[in-house]
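Okay, structure first, notes after.
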Amino acid sequence: MDWLIHPFSFDFMQRALAAGVLAALTTSVVGTWVILRGLAFMGDALAHGVLPGIALAVILDLNPVAGAAVAAVVMVGAISVVHRTTRLSEDTAIGLLFVGMLALGVIIISRSGSFAVDLVAILFGDVLGTTTGDLLMQAVAAALALGGGTLLYRPLLVLCFNEQKAATLGLRPRLAHVVMMGLITLAVVSSFQAVGSLLVFGLLIAPPASAVLLAGRVPTVMATAAALGILEVVAGLLISYHFDTAAGATMSGLAVAVFFVLLAGTRVRAA
């Protein structure tokens, strides 16, 4: 029992746990819509695309969350411009901005005096260095994600399954799509401190994907994803503490591993 309780007797571990739980709640709710809408590539691109904003903010000694938010907005806007002004598909636009923003971020970081340290911190996070201010920001983001998902549940649901029907019902699918992009941006920007811009995608996709294997109704998928995400955060922090592994990577890796274990279990049961 001491193996489970002792690590969380330290203040930094308690803050890390709170940050991880808030990140899991936000990414699980938003990630459910990402899975249902088929926006995994967009989520991955945004998780990487915020890198230039974070890097520039770190170098200029500004708030990295603000930098990430600006970079995310720029990326979403640029994707829309490329898609609407050319004959290129949205996937092509996402791929171009994905690589371009990631390369720009690394170039910016390479100009700093502590390239390796800054790059590792931005890409993989520093959940053990979470502050009270970080937790407050994450709590606001979690509330916005839960509130937005609840208030706009019907238009988002119809949009995921039939965009034409959403338009017929007067649910304004374009606006719903913009809101969904906003929620994805919110999840990525608010959670990168806990697990890093590179690994936030793991929590955004893996728990909801696992939940889809276990549940059918959307609210149940969200609740299951949140429960799985929280358990994976707790287990990841314990493994990280006892075996001296990177906390963010351990949490995200564990979330992906759980998906494949559940997938194997469902295959065996179906056989």
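Note on Arg111 and Ala223: the extension gain reaches 36.0 nm, defined as 0.36 nm multiplied by sequence separation minus the Cα-Cα distance.
Assuming R0 = 41 Å, what is the FRET efficiency of Leu151 and Ala40, from their Cβ-Cβ distance, to the nearest 0.05? About 0.95, to the nearest 0.05. Extension gain for the segment Arg87 to Ala257, taken as residue separation times 0.36 nm less the Cα-Cα distance, is 57.3 nm to one decimal.
Helix hunt in the chain: which complete DSSP H runs extend at least 27 Å axially by C-alpha with mean Kyte-Doolittle at least 0.5? Could the numbers behind the result be given before it?
Working: long enough: 11-37 (39 Å, 1.10); 64-85 (31 Å, 1.59); 90-110 (30 Å, 1.91); 132-151 (28 Å, 1.21); 173-214 (29 Å, 1.71); 218-243 (36 Å, 1.62); 247-270 (35 Å, 1.42).
Membrane-span-like by this criterion, though nothing is claimed about a membrane: 11-37, 64-85, 90-110, 132-151, 173-214, 218-243, 247-270.
For the chain, the solvent-accessible area of protein heavy atoms averages 48 Å² per residue (probe radius 1.4 Å; ligands and nucleic acids excluded).
From the coordinates of this entry, Kirkwood radius over Cα pairs in Å is computed, and it appears in [x] 20.5; [y] 19.0; [z] 22.5 under the label [y].
State whether the range 17-147 is rounded, prolate or oblate according to the following rule on the C-alpha gyration tensor (a ≥ b ≥ c being the square roots of its eigenvalues): a/c under 1.5 gives rounded; otherwise a/b larger than b/c gives prolate, and the remaining case gives oblate. Since a/c reaches 1.5 but b/c is at least a/b, the shape of the range 17-147 is classed as oblate.
Here is the list for the range 50-148: trypsin sites (Lys or Arg not before Pro) lying in DSSP coil, each with at most 11 other C-beta atoms within 10 angstrom of its C-beta, are Arg87, Arg111.
Determine Rg/Rh for the range 213-260; Rg is computed over alpha-carbon atoms and Rh is the Kirkwood hydrodynamic estimate from the same atoms.
Values: Rg = 12.1 Å, Rh = 11.3 Å.
Checking Rg against Rh, the ratio lands at 1.07.
Figure the gain on full extension for Ile5 and Leu144 (residue separation times 0.36 nm, minus the Cα-Cα span) and round it to one decimal in nm. Could the numbers behind the result be given before it?
On the way: separation 139, 0.36 × 139 = 50.04 nm, distance 3.12 nm.
Gain in length upon complete extension: 46.9 nm.
Carbon and sulfur together cover what percent of the accessible area of the chain at a 1.4 Å probe radius? The partial results should precede the final answer.
On the way: 8950 of 12910 Å².
Carbon and sulfur atoms account for 69 percent of the accessible area of the chain.
The values are calculated or read from the model by the stated rules, or taken from the named source; none is laboratory data. Just so it is clear, the structure is predicted and the values come from calculations on it, not from any experiment. Reconstructed Cβ throughout: ideal geometry from the backbone, glycine too, with neighbour counts over all protein chains shown. Ligands, DNA and RNA are excluded from the accessible area calculation, which covers all protein heavy atoms including side chains. Shrake-Rupley method; radii C 1.70, N 1.55, O 1.52, S 1.80 Å.
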